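Heads up, the thing below is written out as structure tokens.
The numbers here are math on the coordinates, done by the rules we state, and not lab data. Remember, it's a predicted structure, so these values are computed and weren't measured experimentally. Neighbour counts run over all protein chains shown; Cβ positions are idealised from the backbone, glycine included.
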Amino acid sequence: MKSLFSHRTTSHLLVAGIFALPMAISAQTASSSQESDWRRANDAVGSFKRGHADVLKWEQANPGASTTAPGSTMGVAIPTAEAAVRMAWTVHRELVRPLSKLGPQNEQLIAEGRWTELDPSLQRRVEDADEVLEVAAAGRKAWIEAVAAQQVLKHQRDMLDAAQAAFELGQRMVTVGNWSKLQLSPVQLAASNARMNLRRAQHAATLAQSNLVKTMGQTGLQAGFSLPDQLPAIPAQHMTEADLEKRGDAIRNHLPDAESLRNRANSRGAMNAYMAAHALAQGSQGDVLKTREFITEETVLHYNGMLKSVWDLLDEVRNQSQATVDGIGAQRDFWIAEADLQWVLQGGSPDSFVSLGGAGGDAPAAAGH
């Protein structure tokens, strides 16, 4: 009976730790003092009417209490893509003249990413307008990648918490003789993989911040920027293919023949990436995440009713975090694809288009154009 009790109360303690209650977990063998700690942890969880279901809701309503809360506290804040564009412009003194010629209305449209509302003849009428657009596109994309990388880092930490909790529980079960080392091995591998994924996410976030710092002309002046917790939501509806084709034809009427041909090819690639990215982002953040959230809620309820094991609950925590990471990657890819498309429809030529194949945190892969 003591082993069963220890297993159950240990489970409560470990799961509560994942969701940021002020409790500590220990990887040592059960003792009388530890059993008392486990009882207190169990009582604390029990104070929530629905047990761990309410713990989850408490953690969601109190994000500041999490020990794994992400977020950069470095340097100047760049709260929006528009702010990133305007900051990027200030680095290039040569853009003062074309920006003044564009006028405040066009400047606002460009900064806000509403390029399809610009006059198609703008670049022909305003010298160096293409440079203004190129710098704006670079600033917007660097900000998108940095915000997404920071988001992914938070969820990779969540996955490591869940994997580490499962491993610590497994170690205790080996110690008391309920498990063999072979049974522990898959759990140990999951924890190792989570640590490696966290390291990759940390590296990706550092690279994205470094690129943002470079794009903003702050290399050597500050290590990074304070960024929002998440990317903007994707629009419910994407721009229609007919409107995009019409816009492409309008801009090509103002381009030399060679550039017009190149722009037509770029437009096809940019539109394909944009349409696919929107569909993937909607799918990953709609059906997939909603289904995953439902499974998690049901798993928590079944766990509270002792119909599911702690392993089921910890696995589902990791699964939901991974689904969220994938959703962030899809959201990031959409906004990058949208920035590229708007640039192309203004006559620009991006070096690459997003590949739409990577997991959250990876930089968009190059694709020929």
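The modelled label-to-label distance between Glu297 and Glu241, using points 7 Å beyond Cα along the C-beta direction, is 3.7 nm. Maximal additional length on extending the Leu289-Glu131 stretch stands at 52.9 nm, based on 0.36 nm per residue less the C-alpha distance. Applying 0.36 nm per residue to the separation of Ser185 and Gln108 and subtracting their alpha-carbon distance, the gain on full extension is 22.0 nm. Distance between the modelled labels on Arg195 and Ala258, one decimal in nanometres: 5.6 nm (7 Å Cα→Cβ projection).
Straight-line reach from Lys246: taking Cα to Cα under 15 Å and skipping same-chain neighbours fewer than 8 places apart, the aspartates and glutamates in range are Glu117, Asp119. Spacing of the modelled spin labels on Ser121 and Leu307, each 7 Å from Cα toward Cβ, amounts to 7.0 nm.
Let me know the charge dipole size of segment 166-257 about its Cα centre in debye, to the nearest 20, where only the beta-carbon of Lys, Arg (+1) and Asp, Glu (-1) is charged.
Working: 9 positive and 7 negative charges, 130 e Å.
Roughly 620 debye, rounded to the nearest 20.
Taking every Cα-Cα distance in segment 157-226 and sorting them into 10 Å bins starting at zero, the pair-distance distribution P(r) comes out as 20, 29, 20, 16, 11, 4 percent.
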